[in-house]
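The values are calculated or read from the model by the stated rules, or taken from the named source; none is laboratory data. No experiment lies behind these values; they were computed from the predicted model shown. FYI the Cβ positions are ideal-geometry reconstructions off the backbone, even for glycines, and counts take in every protein chain you see. Just the protein is used for accessible areas: all its heavy atoms, side chains included, with ligands, DNA and RNA removed. Shrake-Rupley method; radii C 1.70, N 1.55, O 1.52, S 1.80 Å.
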Amino acid sequence: NKKAFVELLFWKSPAIACEMTKGYSSLQEGEGTTLSRVPPWTPQQEQELRELYWKYKEVEDGDIIAAILAHLSTPVRTRRQVVKQLVRM
């Protein structure tokens, strides 16, 4: 690639750097990205998250996300995943 020097001016993740060296179609769809490690939210989990948010959003001196995490039926979600999903919804 004659223009690889331009790409090297910007930060790359290890997956992108590997893809640059092996060719741009070397990675399969979703491979090497963080999205493949995060389980998708089911409609039931989204509904539960929505209900918990509306239940705990009025709590003033408490942490809303901590309360939601304590009452989620699937404890495998991280704080970041919950916040990201709430923003997306």
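A few comments on the model shown:
- Every residue from segment 3-21 that is farther than 21 Å from ARG37 by Cβ and in a helix (DSSP H, G or I): ALA4, PHE5, VAL6, GLU7, MET20, THR21
- Contacts under 9 angstrom Cβ, first residue in segment 1-13 being farther than 17 Å from GLY23 by Cβ, partner open to solvent by 100 Å² or more (accessible area, probe 1.4 Å) and polar (S, T, N, Q), 6 or more apart: none
- Inclusion of VAL59 among residues that are open to solvent by less than 80 Å² (accessible area, probe 1.4 Å), at pLDDT 80 or above and in contact with a helix residue (DSSP H, G or I) (Cβ under 7 Å, 6 or more places away or on another chain) is not warranted.
- Of the listed requirements (1) modelled with pLDDT of 85 or more; (2) under 30 Å from ALA4 (Cα atoms), ALA66 misses just one: (2).
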